[in-house]
Amino acid sequence: MVLKSSFTVEKIDDINLRKYDLTISEIKNQTKKLLEILLNLKEIKKSKIFKKEIGKIRFDLSFCNDKTIKQINNNYRNKNNPTDVITFSLFCDDANALIYRKTAELGQIIISVETADKQKKESLIKEVETLICHGILHLLGFDHLEKKDYDFVVGIQNKVISNL
């Protein structure tokens with residue numbers, strides 16, 4: 001069975017996505033493709049959340065500027081600088097998971113388009129796709145506090161992005 005997914009995409013400040021040649025519809029389309037690949041990987045199906053009876057995952061995807069993500073980073077992580085992506089997980093990987101009517105509410109991914117634009121290696125959309133994938137992995141309970149975990153997360157990201 002293929003797991004269904006739903007997500008919302010929004011801007012949380014005055015960031016002009018068109019200035020960066022991005023649109024919400026393009027982001028939605030690419031995120032759907034990314035999810036289809038990601039959720040069908042055997043490595044991802046090992047996540048603790050898939051041990052529960054779920055039929056759908058849901059999360060929020062938000063975009064902002066560096067000023068906003070710097071404030072969020074300072075308020076929640078005590079780091080007074082902008083970053084590329086921040087995730088707020090709703091405990092999908094433990095007993096406190098928010099599952100209602102077989103839908104797992106994963107949480108929120110916040111991406112600074114300004115930082116993504118500064119650090120892009122190829123195109124901005126490719127960088128945004130990578131950050132979305134990274135955020136989803138965090139929401140699914142995959143972290144990278146140790147090198148082997150970092151290598152796993154980056155390996156999965158690269159696998160998914162190369163298959164888009």
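General observations
- Only one of the numbered conditions (1) part of a helix (DSSP H, G or I); (2) under 15 Å from the mean Cα position of the chain (by Cα); (3) more than 18 Å from Thr31 (Cα to Cα); (4) not β-branched (Val, Ile, Thr) is not met by Lys70, and that is (2).
- Looking only at residues of the stretch 1-37 that are in a helix (DSSP H, G or I) and of a type in the set (Val, Ile, Thr), we find that the one that is nearest to the chain's Cα centre (by Cα) is Thr31.
- Top-ranked residue of the stretch 129-147 - restricted to ones that are in a helix (DSSP H, G or I) and among the charged types (D, E, K, R), ranked as modelled with the highest pLDDT: Glu129
- Close pairs (9 angstrom Cβ cut-off, 6 or more residues apart or separate chains): without any contact (Cβ under 8 Å) to a residue 24 or more places away in the chain in the stretch 151-164, of a type in the set (S, T, N, Q) anywhere: Asn158/Thr130
- Checklist (1) within 26 Å of Lys42 (Cα to Cα); (2) in contact with a Cys (Cβ under 7 Å, 6 or more places away or on another chain) applied to Ile86, failing item: (2)
- For the stretch 83-101, filtered to residues that are at pLDDT 70 or above and assigned to a loop (DSSP other than H, G, I, E, B), the residue that is nearest to Gly141 (Cα to Cα) is Leu90.
- For the stretch 38-67, the candidate set comprises residues that are assigned to a helix (DSSP H, G or I) and not hydrophobic (A, V, I, L, M, F, W, C); within that set, the residue that is surrounded by the most Cβ atoms within 10 Å (Cβ to Cβ) is Asp66.
- The requirement of being of a type in the set (A, V, I, L, M), over 19 Å from Lys28 (Cβ atoms) and at pLDDT 95 or above is not satisfied by Ile109.
The values are calculated or read from the model by the stated rules, or taken from the named source; none is laboratory data. The structure presented is a predicted model; accordingly, all values stated were derived computationally and were not measured. Glycine gets a Cβ as well: all are built from the backbone with ideal geometry, and neighbour counts include every protein chain shown.
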